[in-house]
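Structure first, then comments.
The values are calculated or read from the model by the stated rules, or taken from the named source; none is laboratory data. Note that the structure is a prediction, hence the values are computed from the model and not measured. Counting neighbours? That spans all protein chains shown, and the Cβs are built from the backbone with ideal geometry, glycine included. Areas reflect the complete protein model, heavy atoms only, side chains present, ligands, DNA and RNA absent. Shrake-Rupley method; radii C 1.70, N 1.55, O 1.52, S 1.80 Å.
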Number of protein chains: 4
Amino acid sequence: MPGNTIGKMFRVTTFGSSHGKALGAVIDGCPAGLELSEKDIQKELDKRRPGISKITTPRKEPDKVEILSGVFNGKTDGTPIAALVYNKDVDSSAYEKLKNKPRPGHGDYGWIKRYGHYDYRGGGRGSGRVTIGHVIGGAVAKKLLKTVNIEVFAHVIQVGNIKAGKIDYSKRKERFKNSVRCIDKNTAKKMEELILKVKKEGNSIGGIVELVILGVPPGVGDPVFSKLDADLAHAIMGIGSVKGVEIGMGFEVARHMGSEVNDEFYLDKNKIKTVTNNSGGILGGISNGMPIILRMAVKPTPSISIPQKTVDLEKMEETKIKIEGRHDPCICPRIVPVAEASAAIVIADHLIRSGIIHPCNIKASGGI
Amino acid sequence: MPGNTIGKMFRVTTFGSSHGKALGAVIDGCPAGLELSEKDIQKELDKRRPGISKITTPRKEPDKVEILSGVFNGKTDGTPIAALVYNKDVDSSAYEKLKNKPRPGHGDYGWIKRYGHYDYRGGGRGSGRVTIGHVIGGAVAKKLLKTVNIEVFAHVIQVGNIKAGKIDYSKRKERFKNSVRCIDKNTAKKMEELILKVKKEGNSIGGIVELVILGVPPGVGDPVFSKLDADLAHAIMGIGSVKGVEIGMGFEVARHMGSEVNDEFYLDKNKIKTVTNNSGGILGGISNGMPIILRMAVKPTPSISIPQKTVDLEKMEETKIKIEGRHDPCICPRIVPVAEASAAIVIADHLIRSGIIHPCNIKASGGI
Amino acid sequence: MPGNTIGKMFRVTTFGSSHGKALGAVIDGCPAGLELSEKDIQKELDKRRPGISKITTPRKEPDKVEILSGVFNGKTDGTPIAALVYNKDVDSSAYEKLKNKPRPGHGDYGWIKRYGHYDYRGGGRGSGRVTIGHVIGGAVAKKLLKTVNIEVFAHVIQVGNIKAGKIDYSKRKERFKNSVRCIDKNTAKKMEELILKVKKEGNSIGGIVELVILGVPPGVGDPVFSKLDADLAHAIMGIGSVKGVEIGMGFEVARHMGSEVNDEFYLDKNKIKTVTNNSGGILGGISNGMPIILRMAVKPTPSISIPQKTVDLEKMEETKIKIEGRHDPCICPRIVPVAEASAAIVIADHLIRSGIIHPCNIKASGGI
Amino acid sequence: MPGNTIGKMFRVTTFGSSHGKALGAVIDGCPAGLELSEKDIQKELDKRRPGISKITTPRKEPDKVEILSGVFNGKTDGTPIAALVYNKDVDSSAYEKLKNKPRPGHGDYGWIKRYGHYDYRGGGRGSGRVTIGHVIGGAVAKKLLKTVNIEVFAHVIQVGNIKAGKIDYSKRKERFKNSVRCIDKNTAKKMEELILKVKKEGNSIGGIVELVILGVPPGVGDPVFSKLDADLAHAIMGIGSVKGVEIGMGFEVARHMGSEVNDEFYLDKNKIKTVTNNSGGILGGISNGMPIILRMAVKPTPSISIPQKTVDLEKMEETKIKIEGRHDPCICPRIVPVAEASAAIVIADHLIRSGIIHPCNIKASGGI
């Protein structure tokens, strides 16, 4: 079944694979009147581009975006926005010998079983490069959210056993000043060292990325099967390498009592707020006006150069593979822009569904 | 936006609220030829019914299901299956005084902001009773999955700080022999004691429920936006009180290296398996044939009888409330059937989408 | 695949069959705050009820509607509205002998081939009685449209060769003063005579129903695959017995030149209108503010008591059947409320999609 | 709301406008293993290309298609197929003076009211050029249908008052031997003469296109809201210029009796067929195995060079416009490939939904 579209009122359909001709997205449902240029999208793509630091893959992918439709005289016109990136620097040779040997930790085996005919080069559509489509969609969503003062940002809070302490969100722009996308620069340095060490061993390491959404008004979310937390969990769990998602207090709730977890309400200058934010901004599937906080567990990149056991599916016999090529020893920094994009799409979608952003024309946006 | 439908090929639409006339579901897309009776659904509803042990709410809800359509001569006929439960034992008086005072930890505030006009009695559609609809849909899904030898089960593995050790899944039926739905009876006893202690204090306690799905063949899942893990996370995170979802090794991946997390492939009598199952049966969003393992963090029931601060939205002044009424001190045991139902719906939907279960007629079911 | 839901933002899911336990609908996406009672729905159901005149089937179906959810203190509360009608006066005996013999002009054969297991009693879900679900959904949609001054009405303009002349729409309430639902009473009388004559012969007769929608503002419709005319055509062609749909000048356009068909624009007190309305209120798939005019061709009821050839599917041999039972000799009058309901659902859906009716709360409805 | 996607299991999302950078489509849900090349798509695009005869617009649009993704080693691989055509020969100057003056018979006025910000050049996304996306999607659908021996074809049967007599479908390839796409060459000649005469007058003329689908097995269609005839009517009515759709006997049913319209069943070498085909191959919304026959009314091209009244929306005063530029005096011949494409998409979608074509892998296609 077609699975390459996300969103209902703000819909993003993506296409393309690692070693194909191009990757891109079609965004349908963006209201007219939004200022949008290739620069807006390029800025976001540059955040996910590899080859930008010593801890990411040395592949050089310029990833220049081209808008094909949906923008007229510098503004969206309500018609589908198609944008793409042509693939360059494609080297498929390394994959030829992995052809019928599913790589441990990768989706290869499932793809082969599902479709029979499978583009094995660079993971095909299972590659991390497909997140170019996510980021294109998210760039438009972010622009749209800005019109209602909503900001989505993600940052790395853990790599291996190195954890960031309490984070001052007001310093969030700091995360782009280091290669690991950690807001705290001292922690960032330790994370970098760990990643480089692991890289030298031909291994990889996991981590945790936190996502914060500021400015969502109370009343957003569609119970009972399209709750805001459910839709966010869906988008985030759908990012390759993510194996867990938690909101607010998350898994910690298991060890606590109701009196410790419940967030009491109070009045802050006639505005309703909660004393704590253990709910992470979402209660009963609907936003409550507090910051939305979500954390995701990111597994270590499965591509490692240490030999691993697998099965040759053609000969049906056990064998070993060693994955060469250029890979990120820790994927967390590159999950950051993808998580932001994915969440931005969900929030933009829900704001239109909630009547906060007008479906046709941003100038008409009202509120609940 | 309408949010009360889940699934694409196997679609469940639910309706009803805590203190309304009835609750139910319409299941559209169940293939014809499946044997189905009210008994099949009642059996599942009985698992979620309160008033069945000393640790659950003493409300008496017979919750007798009635099938209205879609079954002819004992078999589904391909048309929508509507089934409902009429509400009995409804006592709304306790809620009258909570009318404009959102309960901490509950969704009230969001519902009020979203819809203006809000059924505050018993949480309205935000109540746990709406999961009757989930369970009706899940009962049909479970019956359907049985035709292809797939079993979905959930069990409680943690309450507060009490954790079950390694679980022998072959003993899974044991979970219904105690009130906490824990497979290990010794742990169950300790959990029960903790829950009763917390109850006496007018408080509540959180926990962790594990979900296991056996028998899903490799090749199920629709990348990149309808991956199997993403859709499961969506369904599970959408259950009230769930604040976290993890698959396989889950959040533990953050602290590990690729060589520790990757599951190596081997041949077991010509069948491809993985040595470990850190992926929890899903890689790249597609099943790999191993058991699917998912855990969810369940927060303590927000309804506690300890006084809590809130805001009177009419008078716009701070106040305190004490929630009376009948509530579960630990909701984990009652999440069990709801988690099973939610997952069963997702799997049934994906099996039809994957061509493994035929969309019209179960006799024609083939495979990938 | 599930096909029992219509609409995207205003969604109606129906269930039930001719001789099953009940028929009904779940309406998801109706904004909160709309006054709604069983009386509102009953009024519409009464228009489609048989046994109300000498030209309709003498079956007695009280068809009392019951609202199960979604209405609180007399107003919708944003949650799904479930409503149903229990079947009474069910006599399945006449169908026993038609069991494996598809009736000419009916859908039986397709249903058998599609689902294998098929409820043959009274046409099962292929029966006209399933339009009870349409009418329930339409009743809610009509109530919603009234809040923005939109009215949907249908009337019979042709039966056999008897055609109504130019119709004065301001007299539209007259259509309920005769059994054929024709606005012009003289034509109505002739139509009635023809229908009674045909009935006496055990035969049936076709006709044409016109649908008019007043008050839709310009700017409604979602090109290129969810145009307003396309969605109306979809809803109307989906009504049993309809074999053609045309909008505005309809099939007549084939014989005309651009200069005759194009509607020129002019200013009427600062409001933009068109001199003619050959487009039927829709241009390029978007409303232009003129009345929406649509006509549908209704085939003669396929159930006739004249013997007809068919095939016994069990014995695989040719045979003859004579359809007994109680049937309408002309289905046009009963298509009227169903066409109104179907169109009202489409318009309500599009108004929410266009931001003219607010998705959560009718009080917040704005405009494009 | 996003309206640029058609289909549920076989989904086509299109983008692009008349004078933008490119037009194209993303096809999601095409099973893997289908042989597909740019040649397959180009062949269909060439049928809709203007500038190929004296009766079509003299614009020169090479319309070279480029496949960007979804095809690996000459076969589809189950991932989204993106394909596009870059716009060349774009001359926007003629539209500058029409900027705020909606053209009679065109969708301009609705687009302006809907989106505020509107690409007026060449009709923007309201242009006939957007059907390039339809044709790309349809080309893939046709290839897919061929694997189960289904053929979709359309042909012109009426232009003005000139009607083709009884058509011998076996000669259907003849329609490409003349510029009007009429199977009968003598009628074609008369049609051509009429079109040239009308063109000389700066006027345009309407017509009727017939669509035939051969090979659809019985049992395809999803009652009650996704019937096969309803979905076909939706797709066809959504084509610009179409103002009416009828199936089988169509509007003629209004004048006939049940005994004349009902198609009796008989056995033809153990295969069930109907004596007549007044139903046009669809009964109760489900195919019955007979050829599917549908006709559409096509209005005369609204772009005529005769002066017409309109309103200057900026000055809010009445004015006149004369549409210059290059236009087809009769759009019927160019509707032919678009109707074929639209219908092919609907049928491909329904065949997957019905389990006749496997959703993942064409080699696994089974049947109902």
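Does the range B:135-148 contain any residue that is at positive phi, touching a residue at least 60 places away in the same chain (Cβ under 8 Å) and out of contact with any Asp or Glu (no Cβ under 9 Å at 6 or more places or on another chain)?
Within the range B:135-148, not a single residue is at positive phi, touching a residue at least 60 places away in the same chain (Cβ under 8 Å) and out of contact with any Asp or Glu (no Cβ under 9 Å at 6 or more places or on another chain).
Name the single residue, out of those in the range A:269-290 being within 9 Å of another protein chain (Cβ to nearest Cβ) and among the hydroxyl-bearing types (Ser, Thr, Tyr), that is nearest to A:Val253 (Cα to Cα).
The selected residue is A:Ser279.
For A:Gly202, all conditions in the list (1) more than 14 Å from chain B (Cβ to nearest Cβ); (2) at positive phi hold save one; what is the number of the exception?
(1)
If you scan the range A:149-185, which residues turn out to be within 14 Å of another protein chain (Cβ to nearest Cβ) and touching a residue at least 24 places away in the same chain (Cβ under 8 Å)? Reasoning before the result, please.
First, pick out the residues of the range A:149-185 that are within 14 Å of another protein chain (Cβ to nearest Cβ): A:156-164, A:180, A:182.
A:Val156, A:Ile157, A:Gln158, A:Val159, A:Gly160, A:Ile162, A:Lys163, A:Val180, A:Cys182, listed by residue number.
Pairs only if they're at least six apart or on different chains, beta carbon under 7 angstrom, first in the range B:276-299 and at positive phi, second basic (Lys, Arg) and crowded, with 24+ Cβ neighbours inside 10 Å; list them, first residue then second.
As it stands, the answer is B:Gly285/B:Lys227, since those pairs meet every condition given.
Anything in the range A:263-291 that is within 19 Å of B:Gly3 (Cβ to Cβ) and either in contact with a Leu (Cβ under 7 Å, 6 or more places away or on another chain) or open to solvent by 40 Å² or more (accessible area, probe 1.4 Å) (or both)? List them, or say none.
A:Ile282, A:Gly285, A:Ile286, A:Ser287
What residue, of C:Val245, C:Val311, C:Val253, C:Val261, is within 20 Å of the chain's Cα centre (by Cα), within 7 Å of another protein chain (Cβ to nearest Cβ) and of a type in the set (A, V, I, L, M, F, W, C)?
After applying the criteria, what remains is C:Val245.
Quick check on my filter: what residues within the range B:4-38 are open to solvent by 20 Å² or more (accessible area, probe 1.4 Å), closer than 13 Å to B:Gly70 by Cα and within 8 Å of chain C (Cβ to nearest Cβ)?
Of everything in the range B:4-38, nothing turns out to be open to solvent by 20 Å² or more (accessible area, probe 1.4 Å), closer than 13 Å to B:Gly70 by Cα and within 8 Å of chain C (Cβ to nearest Cβ).
On the basis of being closer than 23 Å to D:Val152 by Cβ, within 23 Å of the chain's Cα centre (by Cα) and outside any loop (DSSP other than H, G, I, E, B), does D:Asp349 make the cut? Give the steps one after another, and end with the answer.
Values: closer than 23 Å to D:Val152 by Cβ: yes; within 23 Å of the chain's Cα centre (by Cα): yes; outside any loop (DSSP other than H, G, I, E, B): yes.
Criteria met by D:Asp349.
Which one of D:Leu98, D:Leu84, D:Leu68 is of a type in the set (A, V, I, L, M) and without any contact (Cβ under 8 Å) to a residue 60 or more places away in the chain?
D:Leu68
Got a number for residues in the range D:344-368 being open to solvent by less than 10 Å² (accessible area, probe 1.4 Å) and touching a Cys at 6+ places or on another chain (Cβ under 7 Å)?
Residues in the range D:344-368 being open to solvent by less than 10 Å² (accessible area, probe 1.4 Å) and touching a Cys at 6+ places or on another chain (Cβ under 7 Å): 1 in total.
What are the residues in the range B:241-256 that are in contact with a Gly (Cβ under 6 Å, 6 or more places away or on another chain) and surrounded by 24 or more Cβ atoms within 10 Å (Cβ to Cβ), if any?
Once the filter is applied, which keeps residues that are in contact with a Gly (Cβ under 6 Å, 6 or more places away or on another chain) and surrounded by 24 or more Cβ atoms within 10 Å (Cβ to Cβ), the range B:241-256 yields B:Lys243, B:Gly244, B:Glu246, B:Ile247, B:Gly248, B:Val253, B:Ala254.
Quick one: C:Ile132 ticks every box in (1) within 14 Å of chain D (Cβ to nearest Cβ); (2) assigned to a helix (DSSP H, G or I); (3) open to solvent by 20 Å² or more (accessible area, probe 1.4 Å); (4) in contact (Cβ under 8 Å) with a residue 12 or more places away in the chain except a single one, so which number is it?
(3)
Mind checking which pairs have a first residue in the range B:342-363 that is within 21 Å of A:Gly110 (Cβ to Cβ) and a second that is among the hydroxyl-bearing types (Ser, Thr, Tyr) and open to solvent by 10 Å² or more (accessible area, probe 1.4 Å), Cβ under 8 Å, 6 or more apart or different chains?
Filtered contacts from the range B:342-363: B:Ile356/B:Ser365; B:Ile357/B:Thr147; B:Ile357/B:Ser365.
Anything in the range A:135-172 that is open to solvent by 60 Å² or more (accessible area, probe 1.4 Å), within 23 Å of A:Asp328 (Cβ to Cβ) and basic (Lys, Arg)? List them, or say none.
Applying the first criterion (open to solvent by 60 Å² or more (accessible area, probe 1.4 Å)) to the range A:135-172 yields A:146-147, A:149, A:151, A:161, A:163, A:166, A:168-171.
Still in the running and within 23 Å of A:Asp328 (Cβ to Cβ): A:161, A:163.
Correct list: A:Lys163 only.
Mind counting the residues in the range A:54-105 that are modelled with pLDDT under 85, within 24 Å of the chain's Cα centre (by Cα) and of a type in the set (D, E, K, R)?
5
If you go through the range D:7-49, how many residues are over 15 Å from the mean Cα position of the chain (by Cα), in contact (Cβ under 8 Å) with a residue 60 or more places away in the chain and part of a loop (DSSP other than H, G, I, E, B)?
Total satisfying the criteria: 15.
Within the range A:186-229, count every residue that is acidic (Asp, Glu) and either buried (at least 24 other Cβ atoms within 10 Å of the Cβ) or under 17 Å from A:Ile352 (Cα atoms) (or both). Show your work before the answer.
Within the range A:186-229, the first condition is being acidic (Asp, Glu), and the residues that meet it are A:192-193, A:201, A:210, A:222, A:229.
Pick out the ones that are also either buried (at least 24 other Cβ atoms within 10 Å of the Cβ) or under 17 Å from A:Ile352 (Cα atoms) (or both) and you get A:222, A:229.
Residues in the range A:186-229 being acidic (Asp, Glu) and either buried (at least 24 other Cβ atoms within 10 Å of the Cβ) or under 17 Å from A:Ile352 (Cα atoms) (or both): 2 in total.
Considering only the range A:292-343, how many residues are in a helix (DSSP H, G or I), of a type outside the set (Asp, Glu) and open to solvent by less than 20 Å² (accessible area, probe 1.4 Å)?
Summing the residues that are in a helix (DSSP H, G or I), of a type outside the set (Asp, Glu) and open to solvent by less than 20 Å² (accessible area, probe 1.4 Å) in the range A:292-343 gives 10.
Give me the residue from the range B:101-118 that is open to solvent by 10 Å² or more (accessible area, probe 1.4 Å), in a helix (DSSP H, G or I) and of a type in the set (D, E, K, R) and, out of that set, nearest to A:Gly221 (Cα to Cα).
So, considering only residues that are open to solvent by 10 Å² or more (accessible area, probe 1.4 Å), in a helix (DSSP H, G or I) and of a type in the set (D, E, K, R), the one nearest to A:Gly221 (Cα to Cα) is B:Lys113.
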